[in-house]
Structure formats: structure tokens, C-alpha cells
1. Which of the residues spanning the range 403-419 are within 19 Å of ILE218 (Cβ to Cβ) and surrounded by 14 or more Cβ atoms within 10 Å (Cβ to Cβ)?
2. From GLN345, GLN376, which residue is at pLDDT below 95 and either under 30 Å from GLN25 (Cα atoms) or in contact with an Asp or Glu (Cβ under 9 Å, 6 or more places away or on another chain) (or both)?
3. Go through (1) touching a residue at least 60 places away in the same chain (Cβ under 8 Å); (2) among the small types (Gly, Ala, Ser); (3) part of a helix (DSSP H, G or I) for ALA351 and report which single condition fails.
4. Being under 28 Å from the mean Cα position of the chain (by Cα), of a type in the set (D, E, K, R) and either closer than 16 Å to ILE302 by Cβ or assigned to a helix (DSSP H, G or I) (or both) is the filter here, so list the residues in the range 151-203 that pass it.
5. Go through the range 226-273 and give me each residue that's outside any helix (DSSP H, G or I) and surrounded by fewer than 20 Cβ atoms within 10 Å (Cβ to Cβ).
6. Could you tell me whether GLU230 is in contact (Cβ under 8 Å) with a residue 24 or more places away in the chain, more than 18 Å from the chain's Cα centre (by Cα) and under 20 Å from VAL403 (Cα atoms)?
7. Please go through the range 325-359 and pick out each residue that is small (Gly, Ala, Ser) and touching a Pro at 6+ places or on another chain (Cβ under 7 Å).
8. In the range 103-119, how many are crowded, with 17+ Cβ neighbours inside 10 Å and under 15 Å from VAL330 (Cβ atoms)?
Amino acid sequence: MRRDILAWLAVAALSFPLAPVLAAQGGTVTILGTWGGQELAAFEKVLEPFEAATGINVEFTGTRDLPAVLTTRVQAGDPPDMAALPNPGQMQELAAGGHLVDLGKVLDMKQLRNDYAPVWVEMGSYGGKLQAIFISADLKSLVWYDPKAFAAAGYSVPTTWDEMMALTDRIASQGETAWSIGLESGAASGWPGTDWIEDIMLRTAGPALYDQWVAHDIPWTHPAVKRAFEIFGQIARNPRYVYGGPTAVLSTNFGDAANPLFTKPPGAYLHRQASFITSFIREKNPGLVAGEDFTFFPLPAIDPKYGVPALGAADMIGVFKDTPQTRALVRYLATPGAQEIWVAQLGKLSAHKRVNPNAYPDELTRKMAEVLVNAQVFRFDGSDLMPPAVGSGAFWEGVLNYVGGEDLDTVLETIEAAADDAYTSGKATD
């Protein structure tokens, strides 16, 4: 077994220098993160070749409250050696406090810039220094459909937002339903709608204004934010366009929302959701074949000058302690070989250009990875970057109230009041 692992590492070394990895023998690396279940099992698979080849023991501690636990440990002077960070926001806070290791002094930056599009290097940097690397991602800007149902109905995949809305209206005029949307998610109800609005903001206001919105440099009552809500509302609040009408949109669990696409006849034809919805589709419709019975197209452009940006989330690795062991592990995690194990186990995506497409479990996942790697603009889920009182509070609730029929100006004024409090109090405690 050890011989096989070493052989694998030797092959991986052809695509990324692993001599520093193999040189580090013995010791321990501690990592703090949120992973559990399948994600943790997949990460342990990633670590197996590294631990076997180097003799370094990696100890992972999982917590669902990573920001609070990590902040407490850092303030107490007891950070883990490394952490799996959920988004650039927390990375920037830690980097601003001088808590993270400059990975530009650990990794081959010329190679890294060849391996990742500039947007990924920029998102992992703060103050001109690389502070974290990305090992996987989820892509949210996708519209799912059944190609067989499309063909039978004579529908074509839209390439622009206007074409998509024309298709939506055509389906409605035939007495059928274009969209299935589900916003219910227990205590987290509303988040799927925030993804819609974030995607629309990127396509109508552009990434620069999107960043200002996330940072609350523009108010929620700004015309661009209002327009994004209105475009979402043209679909989600229209009983002719959504399966079951707005009432069903509010009560349908997000994991069940794709199911109407696969009934006979279809209850709906389109469903916007992230790459991870494939696991829900397979679980609830075990006879379906990915790529044949369900596939996707990128959510189209609205304003052509902003193209087709990608919205999503990603797993970041930051280093708190500069040791031979942490240097070895972060170098290994930056290799295509390590990330190939990760995506093969989970069906997640990698932004690494040299990850072998054959590592993905199916052609559909390979296509999603291609969209991710080639995206000129990628932005993190905005609600995840906002203070919890806003991103997972007033924003979620505001989406539900808006779809439920509440006046949009009132909804936006309510979110703005929550944001004004949250961002002001955050600055006061900095």
C-alpha cells in the first residue's frame, strides 16, 4: 500500500514540485474546520497519501461554529496550525490582524498563478500577500432542466436572459409552468432566494457595485438592489411562472424543488440552483442518469457588458503557524493531485486548471468545473459575507416577505435598518 502511495506522489510531482513535501518527516499539524460526514471522510482520503509519505500526522477538529471558535482561539493566543476558512471575509479579518502566514513565501507563486485564474489569487490575498489557497468550490449560477423533456416540448436552451424570459412566457402561454423554486430550509428559509438576487446583481450592476453592496457601501434602497429584487420577483411572484404559485415557493423545501422537472408530464421545466443540487436530485430520483435525464446551462447574462459571472462558495485553507509540517501540507494541498482526490470523493469542483477532468465522477460535473475554471468573474455568496444579522437574518426574511407579497420598498427599508445597525456595531468593535 505504501509503495502505491509513493508511486502516486511521484506521478503528482510531475505536475507540482513535491520535494518539500517528502522532505518533511514526522510531527503533527492541527486543522480546524466545519467539515463532517462525507466532507470529512473525503478530506481524510486526501490526507492519506500525505501522511503515509511524510510521517506527518494531521489532526482535524470540526465545529459548526467556526467563526466564533476560531476567533476565540486566536484571541487567546492558541490558534490551530491551519484552518479551513469558509469565505474571504473571515480570511481578511484574520490577515488584517496579522494572524496568517504569508503563503507567497511558502508556495511557488509563479506556478500558482499559472494554476489559477487571477480572480482566485486575488480572493486569497490581502494587503498584496497570499493569505489562503482554494481547494474546492461550489458553483451556484446554474439552471437545471431535463433535456428529454425540453426536446419533447420543442424548447431550446436560452443563451440570454431575454431568451430565457421568452421561453418562460411561452411555457406559461401553453398552460404549463416554467419554474420550480423552493425557499423553505427550516431556520435558514429564504437563502435560495438570496442566491437569485446575488446572481442578478452581478448581471445587472456588475462586480464592483456588487462588492459595494456586500460591504454596505451602498444602501439596500439603492436602485440597483431594488432592480435585482424586481427581476427576481418577475418570476418568483408570478403564479403563471412558478410551480404551485408563490405559496408553494415559500413552503417547498429547496432540496425537493427540482423534483417537478422529472414527473410525467413535467410539473415544471427550469430550476436555478447550485452544483450541489445533483446529490438531492439523485437521492430523490434514483433512476435518473446525470447528463441524460438532467443537465444545466449557465444562468444567462442580463446586461451584456457584465457577461456571465459565476456566483458560488469555496473551501479556503489558511495557515497560522509557519512550521516545516504546515509548509509541507499547504504545498501538497495546492497540487492538482490532492485536489483530484477531493473532487473525486465529493463531486465538488476545483478552480485549479491542472486538475485532471477525469477525476470528476461524471461528465456533468466535468462541465460544471469547466464553467468554474473559465469564469472571468467569480464572487462569493454575498449573504455569507454579510454580518449574520443581515446575511442570514434580515436578507433571508426579506426575501420571504417579498415573495409573500409585501411591498418591496418596505422590505428594503427593513433590511437597510438591520444593515445600518449591524455594520455600524461591527465597526465600533473593530
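The values are calculated or read from the model by the stated rules, or taken from the named source; none is laboratory data. Since this is a predicted model, take the numbers as computed values, not measurements. Positions of Cβ are generated from backbone atoms using ideal geometry, with glycine treated the same way; all protein chains shown enter the neighbour counts.
1. Across the range 403-419, the qualifying residues are LEU408, VAL411, LEU412, GLU413, THR414, ILE415, GLU416, ALA418, ALA419.
2. On the way: GLN376 fails: either under 30 Å from GLN25 (Cα atoms) or in contact with an Asp or Glu (Cβ under 9 Å, 6 or more places away or on another chain) (or both).
Result: GLN345 is the single residue among GLN345, GLN376 that is at pLDDT below 95 and either under 30 Å from GLN25 (Cα atoms) or in contact with an Asp or Glu (Cβ under 9 Å, 6 or more places away or on another chain) (or both).
3. If we test ALA351 against (1) touching a residue at least 60 places away in the same chain (Cβ under 8 Å); (2) among the small types (Gly, Ala, Ser); (3) part of a helix (DSSP H, G or I), just (3) comes out false.
4. ASP162, GLU163, ASP195, GLU198, ASP199, ARG203
5. Step one: filter the range 226-273 for residues outside any helix (DSSP H, G or I), giving 237-244, 252-253, 257-258, 263-273.
Residues satisfying the conditions are ARG237, ASN238, PRO239, ARG240, GLY244, ASN253, THR263, LYS264, PRO265, GLY267.
6. On the way: in contact (Cβ under 8 Å) with a residue 24 or more places away in the chain: yes; more than 18 Å from the chain's Cα centre (by Cα): yes; under 20 Å from VAL403 (Cα atoms): yes.
In short, yes.
7. Here is the first cut: in the range 325-359, the residues small (Gly, Ala, Ser) are 328, 334, 337-338, 344, 347, 350-351, 359.
Result: ALA328, ALA344, GLY347.
8. Taking the range 103-119 as the starting set, the residues that turn out to be crowded, with 17+ Cβ neighbours inside 10 Å are 103, 106-107, 112, 115-117, 119.
Then keep just the ones that are under 15 Å from VAL330 (Cβ atoms); that gives 103, 106-107, 112, 115-116.
Qualifying residue count, the range 103-119: 6.
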